[in-house]
Amino acid sequence: MKEVSKSRSIIIGSIICCLLIIIDQATKLMAVKFLKDGEPFELIKNVFVLRYLENNGAAFSLLAGKQIFFLIITIILILVFGFIFVKLPMTDRMKYLRYICVFLEAGAIGNLIDRIRLNYVIDFFYIKLINFPTFNVADIYITVSMFIFILLIMFYYKEEEFESFIKG
């Protein structure tokens, strides 16, 4: 299996993470500029809406107002994703898990920036058709990454591939 330089992988991963965070923060700034204090904008009638929401909880505003809890959990998760990224074998086969770590980091940091700066997270995508919780780009990074992670663990990776990682 082809090995990738660990330092090169970390640099590329960091650059991608920064770009993803910039995209997330730019979309949130656009939501503030164009949606805050305005009417929701229906992209697809009765299906997909852009609407501004200040969320001081998690999905469905669960644990609303528990900002210290979210800060602590997010920082722990950022450290865990970073640790996993660095500890994963630097092989082509493990690149998908490294990408997942980068997207999870970017999503967590994107929402953490909002929580620290604003004391809430800016959400603006709303799927009206199914009354899905309003979400943002960082949430997409996290949700899609976790979905792909589950698929990879179920169908792509074998348990023995993680034995050396788990044993340290």
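Numbers for the structure displayed
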quantity: Given (1) surrounded by fewer than 14 Cβ atoms within 10 Å (Cβ to Cβ); (2) touching a helix residue (DSSP H, G or I) at 6+ places or on another chain (Cβ under 7 Å); (3) within 19 Å of I10 (Cα to Cα), number of the condition N119 does not satisfy; calculated: (3)
quantity: Residues of the range 112-138 satisfying the condition of being assigned to a helix (DSSP H, G or I), touching a residue at least 40 places away in the same chain (Cβ under 8 Å) and among the charged types (D, E, K, R); calculated: D114, R115, K128
quantity: Residue under evaluation I148, criteria (1) farther than 27 Å from K33 by Cα; (2) modelled with pLDDT under 90; (3) within 17 Å of the chain's Cα centre (by Cα), criterion not met; calculated: (2)
quantity: Number of the condition not met by I100 [criteria: (1) touching a Leu at 6+ places or on another chain (Cβ under 8 Å); (2) assigned to a helix (DSSP H, G or I); (3) under 30 Å from E39 (Cβ atoms); (4) β-branched (V, I, T)]; calculated: (3)
quantity: All positions within the range 98-115 that are closer than 21 Å to K6 by Cβ and of a type in the set (G, A, S); calculated: A106
quantity: Subset tally (residues that are loosely packed, with under 14 Cβ neighbours inside 10 Å, in contact with a helix residue (DSSP H, G or I) (Cβ under 9 Å, 6 or more places away or on another chain) and either in a loop (DSSP other than H, G, I, E, B) or among the basic types (K, R) (or both)) for the range 46-86; calculated: 2
quantity: Within the range 72-109, considering residues that are in contact with a strand residue (DSSP E or B) (Cβ under 9 Å, 6 or more places away or on another chain) and not β-branched (V, I, T), the one nearest to E159 (Cα to Cα); calculated: P89
quantity: Filter result (part of a helix (DSSP H, G or I), charged (D, E, K, R) and surrounded by 11 or more Cβ atoms within 10 Å (Cβ to Cβ)) within the range 9-45; calculated: D24, K28
quantity: Yes/no for I127 being at pLDDT 95 or above and farther than 23 Å from S5 by Cα; calculated: yes
quantity: Candidates F147, F162, filtered to the one that is surrounded by 15 or more Cβ atoms within 10 Å (Cβ to Cβ), in a helix (DSSP H, G or I) and aromatic (F, W, Y); calculated: F162
quantity: Neighbours by Cβ (under 9 Å, 6+ apart or cross-chain): first from the range 24-50, modelled with pLDDT under 95; second among the hydroxyl-bearing types (S, T, Y) and exposed (fewer than 12 other Cβ atoms within 10 Å of the Cβ); calculated: none
quantity: Hey, D92 under 15 Å from I21 (Cβ atoms) and acidic (D, E) or not; calculated: no
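The values are calculated or read from the model by the stated rules, or taken from the named source; none is laboratory data. From a predicted model like this one, the values you see are computed outputs, not experimental measurements. As a convention, Cβ positions derive from the backbone with ideal geometry for all residues, glycine included, and neighbour counts pool all protein chains shown.
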